[in-house]
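Structure incoming, see below.
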Amino acid sequence: MNYQEFKDKVFERACACGLTEYELYYMRSRSSDIGAFEGEVKGFSSSEDAAACFRCVYRGHIGSASTSLFTEDEAERLVAHTMENASCIEKDEPVLFCKGGLVYEKAEPRMVSEVSTAQMAELAKRELKLCRDADRRVTGNSEAGTWTSHSEICLDNSNGVHLTGELHAGAVFAQVVAKDGEDVSSEYGFRCGSVDQIDLEELARETVQKALDSLGASAPDSGVCPAVIAPEAMTSLLAAFSPAFSGENAVNGLSLLKGKEGTKIASDCVTIMDNPFYEESFRQIPFDGEGMPARCKAVIENGTLKTLLYDLASAARAGTESTGNASRMSVSSPISVQPTNFYLRPGTVTAEEICAIAKDGILITGVQGLHAGASFVSGDFSLQSSGFLIRNGRKDRPVKSFTIAGNFFELLKKVTAVGNDMKFNSMRGFGSPSLLVKEIAVSGK
């Protein structure tokens with residue numbers, strides 16, 4: 001039974017049970033992941049699956065249940081199970097479904113080529129060889145891999161909503177380990193797109209060079225100094241603190257941004273966008289996890305908090321409207337509020353010019369320990385970091401094993417320049433250019 005036939009059976013059963021508000025969400029996906037190590041394919045996984053989640057209002061509460069079996073009997077069981085689950089709910093929450101007749105912006109999802117497993121394996125091995133051959137200091141512990149994913153999404157509800165979308169993704173990655181004497185450095189790089197069209201030589205050259213540049217790193221002196229936060233590091237920070245911009249967290253008392261919409265919370269040069277149609281992203285889809293229209297908006301514009309991100313329930317509790325940010329991590333996961341494509345809007349100065357403005361300080365290229373060392377509730381962070389010293393306006397020797405500490409919201413207020421070197425993680429949906437921060441606390445030697 002295909003999805004349309006299964007949907008019809010589910011809706012027929014829902015009507016027979018007297019339900020008037022209900023929804024069916026469906027996803028079919030297939031993916032492949034291949035890794036190469038020591039010149040051979042060492043890891044391979046491939047999956048293809050389909051699942052659907054039914055939600056309904058029963059006795060004033062909303063219940064949900066999911067299935068990966070598409071038969072007439074399963075359609076009846078799914079509705080019965082969902083009604084039973086709704087009967088067990090005691091907490092009162094807004095019960096809302098997307099209305100019909102809404103206008104949706106057209107999305108142009110990025111496409112990736114259909115590539116055979118054998119070709120993916122050869123590309124992974126070739127990328128690894130390019131890395132190994134680039135420099136004698138690249139060790140046998142280096143690895144490379146390829147990954148592709150294709151998904152189809154459908155959402156139908158009792159209000160006459162019928163939506164379809166598709167998502168495609170692909171990437172090649174390299175993990176380079178370089179060794180010079182007793183000194184070891186490891187760096188990660190990737191490129192997104194059709195795996196058979198990615199410039200493997202460029203990826204290898206860039207990743208190997210990053211690893212070699214980090215050799216000889218030592219801890220910097222402790223102190224407070226200007227900091228340039230490179231795109232990759234700032235992207236990681238933005239992703240870690242993105243839950244603070246959730247209206248769901250705000251109404252639950254888990255964000256310091258509650259009630260601050262319309263107020264200044266960052267430097268004038270800081271603008272943060274949430275753009276579901278960002279052209280470099282693989283996450284372009286015209287509707288959110290509840291079927292609401294996705295839309296581009298400035299979350300922070302020239303330092304002013306313009307809006308938090310909401311789904312239908314959190315918007316109702318906050319007395320506002322959904323921003324189209326309902327998300328489902330999987331078909332069976334509960335709906336939560338998440339950004340779509342979340343990024344700091346780039347400025348006009350180059351990365352070299354930002355270092356020149358800083359004069360002396362530190363360039364932060366990597367941060368680790370975000371899960372344990374960063375709290376989106378308080379904004380505080382204390383993170384193991386790596387990078388380079390900045391001397392006389394230029395990138396100098398590499399540094400590692402130091403900690404940066406501060407508060408994310410205070411950091412946004414201290415931004416004095418924004419670079420034009422935007423880097424966007426197409427798979428995660430976060431991006432940033434380089435930022436110059438007036439000062440940051442560094443704990444080294």
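Of everything in segment 22-70 that's in contact (Cβ under 8 Å) with a residue 60 or more places away in the chain and under 19 Å from Ser87 (Cβ atoms), which residue is nearest to the chain's Cα centre (by Cα)?
The extreme case among them is Cys53.
May I ask you to verify whether Thr307 is touching a Lys or Arg at 6+ places or on another chain (Cβ under 9 Å), in the same structural domain as Leu436 (by TED's automatic domain parsing), part of a loop (DSSP other than H, G, I, E, B) and modelled with pLDDT of 95 or more?
yes
Here is a further query. Can you give me the number of residues within segment 120-142 that are out of contact with any Cys (no Cβ under 9 Å at 6 or more places or on another chain), more than 22 Å from Glu166 (Cβ to Cβ) and outside any loop (DSSP other than H, G, I, E, B)?
14
Conditions tested, residue by residue: (1) assigned to a strand (DSSP E or B); (2) more than 18 Å from Arg110 (Cα to Cα).
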{"residue": "His168", "(1), (2)": "yes, no"}
{"residue": "Ala178", "(1), (2)": "yes, yes"}
{"residue": "Ser185", "(1), (2)": "yes, yes"}
{"residue": "Gln197", "(1), (2)": "no, no"}
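Now for a different question. Which residue is farthest from Ala315 (Cα to Cα), if the candidates are limited to segment 97-127 and must be out of contact with any Pro (no Cβ under 8 Å at 6 or more places or on another chain) and among the acidic types (Asp, Glu)?
Looking at the filtered set, the residue picked out is Glu122.
Quick grid of which residues meet (1) assigned by TED's automatic domain parsing to the domain that holds Ala52; (2) crowded, with 18+ Cβ neighbours inside 10 Å:
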site	(1), (2)
Leu78	yes, yes
His81	yes, no
Gly101	no, no
Glu108	no, no
Met111	no, no
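Of the residues Ser401, Ser382, Ser432, Ser443, which is buried (at least 20 other Cβ atoms within 10 Å of the Cβ) and hydroxyl-bearing (Ser, Thr, Tyr)?
Every option except Ser432 fails the conditions.
Which of (1) loosely packed, with under 14 Cβ neighbours inside 10 Å; (2) modelled with pLDDT of 95 or more is the odd one out, the single condition Ser45 does not satisfy?
Every condition holds for Ser45 apart from (2).
When segment 100-113 is examined, which residues are found to be of a type outside the set (A, V, I, L, M, F, W, C), more than 14 Å from Val172 (Cβ to Cβ) and either within 24 Å of the chain's Cα centre (by Cα) or assigned to a strand (DSSP E or B) (or both)?
The answer is Tyr104, Glu105, Lys106, Glu108, Pro109, Arg110.
Quick check on this structure: which one of Leu238, Leu256, Leu215 is under 22 Å from Pro398 (Cβ atoms) and modelled with pLDDT of 95 or more?
That would be Leu215, the only listed residue that is under 22 Å from Pro398 (Cβ atoms) and modelled with pLDDT of 95 or more.
The values are calculated or read from the model by the stated rules, or taken from the named source; none is laboratory data. As the structure is a prediction and not an experimental result, all values here were calculated from the model. Note: ideal-geometry Cβ built from the backbone for every residue, glycine included; neighbour counts use all protein chains shown.
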